[in-house]
1. Return the residues of the stretch 301-319 that are open to solvent by less than 10 Å² (accessible area, probe 1.4 Å) and within 24 Å of Val404 (Cα to Cα); say none if nothing qualifies.
2. Can you pull out every residue in the stretch 459-502 that is polar (S, T, N, Q), at pLDDT below 95 and open to solvent by less than 70 Å² (accessible area, probe 1.4 Å)?
3. I need a count of the residues in the stretch 121-132 that are open to solvent by 40 Å² or more (accessible area, probe 1.4 Å) and either outside any helix (DSSP H, G or I) or among the charged types (D, E, K, R) (or both).
4. State the number of residues belonging to the stretch 320-365 that are open to solvent by less than 30 Å² (accessible area, probe 1.4 Å), part of a strand (DSSP E or B) and of a type in the set (Phe, Trp, Tyr).
5. May I ask you to list pairs of residues, at least six apart or on different chains, whose Cβ atoms are under 8 Å apart, with the first in the stretch 92-110 being under 13 Å from Gly46 (Cα atoms) and touching a residue at least 60 places away in the same chain (Cβ under 8 Å) and the second being assigned to a loop (DSSP other than H, G, I, E, B) and open to solvent by 10 Å² or more (accessible area, probe 1.4 Å)?
6. Can you tell me which residues in the stretch 441-458 are open to solvent by less than 20 Å² (accessible area, probe 1.4 Å) and small (Gly, Ala, Ser)?
7. Scan the stretch 410-434 residue by residue and report those that are in contact with a helix residue (DSSP H, G or I) (Cβ under 9 Å, 6 or more places away or on another chain) and closer than 13 Å to Asp445 by Cα.
8. Of the residues Leu253, Leu290, only one is out of contact with any Asp or Glu (no Cβ under 6 Å at 6 or more places or on another chain), under 22 Å from Met214 (Cβ atoms) and open to solvent by less than 40 Å² (accessible area, probe 1.4 Å); which?
Amino acid sequence: MKRYIAIILSAMLAFTACNLDQYPYSEVAADEYVKDATSVNNLVIGVYNGLYDVLYNEWAMTELRSDNVRMRVNNSTSQDSKLIEQLDQLVVLTANAWVQDYWDALYVVVNRANTVLANLDVVDDEVARARFEGEARFLRAWMYFDLVRLWGPVFIVTSKTGANEARYMQRSPSADVWALIESDLETVVDKEMLPEKLAAADAGRADLNAAKAMLAKVYMTRYKAGDEKYSKAASLLDEVLASCGNPVSGNQLVPYADVFDKTKEGNAEIIFAVRYRSGNLGIGSPFTTLYAPINNGGNVAIGSPKHYNYPSDNIISAFDENPGDLRKDVCLQTSYFNKTTGAMVVNANARYCSKFIDPDMSSEYDGENDFPIIRLADVMLLSAEAYNEIEGPSTESLALLNAVRERAGIPAYTLADLPSKYAFRQAVRKERRLEFAFENQRFFDLLRWGTAVSTINDFLAGEPFYAAYDYVVNPIAEWQTMLPVPVSVININKSVAQNPGY
């Protein structure tokens, strides 16, 4: 908990300019720094900047723990391989360094958001003050959304907290965490604190559509069909779709490959993304180095890539069930061209997650690719899912589902193909998996649907890779879907409750 206390007490980090993909931050003590609206704006940018550390390890807490991704090799003795093995098989130790880093990164953003909220009184312009508050609340809610889904009860921190107070804090019930998330996002949406559309200079900042979509997903995660807030989620999604032109066919959407093209960032598909910029500015994307194949000789990426986020046989088979699916080659590759030998490399080490690879990267951990958090297709499929759960299959929901499929180059469904609520539900779930492969959504979807344990157990039993282990992979239980509270927290405050099973 020393690191946790340090996070609570740490100084805010601020940018020297407002463009989210242009400058790294510098350390500034908030109490001395905050003088006017400009300094508060810089503090807000510093909150966004904290998202880089969050995303750095998020793939390991989500995709790696799902059926989309597995370890590349087994029985390795390297430290990273041991960390990956724990997360891959959901047998995580309380001292797992990556879990600690992710926990810390989430609370850094929470702390920075709290600092913004504590300094709004120096902003005279009401519109600017409301926007800064809205951005801080949106980002804080997102961090707590991840925390409560992955840990359950966590520490609620909404203001500057002294070291002694922090040392004796206890985890708050999950219901209280959910209440904070909803309160933050409802405040932003109901008071329309964020702009409906962003100016070009504000690219990468959150707008009202992002807040509405996030709140809808929160409602759909916490509540079931029949609840008033579940129905409210459907209405929020309608509002976002209307703002985006109510697309109902594939040709109204940005081509799938273009969505992730670094030369077409901020395209109409993107509702909210974490922005990166190459050029050794300290804000380049790390995922080319993290995901590209090991020992590729510079044919995929320079340097010494880590080969993390290794696509499973299971996700490849899922794509292959849709022959001609245009998304597969964007998401993953099973070979690459060796420019020296003039031959294709096709083996286990040639498989990799290609979705966020920057082939032109000139320095390690310095890609250009942005990382999408909320996309138009996400809103479309959530809407189709919500209305199906509320009223069953409909022409309107089918059009949203089919638009996503049409863009992917695969046949559309008819209502005769999906005549029941169950059939439609399964179709949407399959589509979400393929559409958002490697975007850190799969594990959260499995949790939301209540299918994480059964899906992961089927995956562990059916993926040929695990048969090579010299021990039997035991079926996981429900408690293993939650991460352990980092041991550093428990070491400082022995009275903090650990999650069950750890």
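1. Correct list: Pro311, Ser312, Ile315, Phe319.
2. As a first pass, look at the stretch 459-502 and keep what is polar (S, T, N, Q): 474, 480-481, 488, 491, 493, 495, 498-499.
Then drop every residue that is not at pLDDT below 95, which leaves 474, 488, 491, 493, 495.
Passing the criteria: Ser488, Asn493.
3. Applying the first criterion (open to solvent by 40 Å² or more (accessible area, probe 1.4 Å)) to the stretch 121-132 yields 121-122, 124-127, 129, 131.
Among the residues that remain, those that are also either outside any helix (DSSP H, G or I) or among the charged types (D, E, K, R) (or both) are: 121, 124-126, 129, 131.
So the answer is 6.
4. The number of residues fulfilling the criteria is 2.
5. From the stretch 92-110, the pairs are Val108/Ser10.
6. Matches in the stretch 441-458: Ala452 only.
7. Selection gives Arg425, Val428, Arg429, Lys430, Glu431, Arg432, Arg433, Leu434.
8. Of the residues listed, the single one that is out of contact with any Asp or Glu (no Cβ under 6 Å at 6 or more places or on another chain), under 22 Å from Met214 (Cβ atoms) and open to solvent by less than 40 Å² (accessible area, probe 1.4 Å) is Leu253.
The values are calculated or read from the model by the stated rules, or taken from the named source; none is laboratory data. Since the model is a prediction, treat every value here as computed from it, not as a measurement. Glycine also receives a Cβ, built like all others from the backbone with ideal geometry; neighbour counts cover every protein chain displayed. For accessibility, only protein heavy atoms count, side chains too; no ligands or nucleic acids. Shrake-Rupley method; radii C 1.70, N 1.55, O 1.52, S 1.80 Å.
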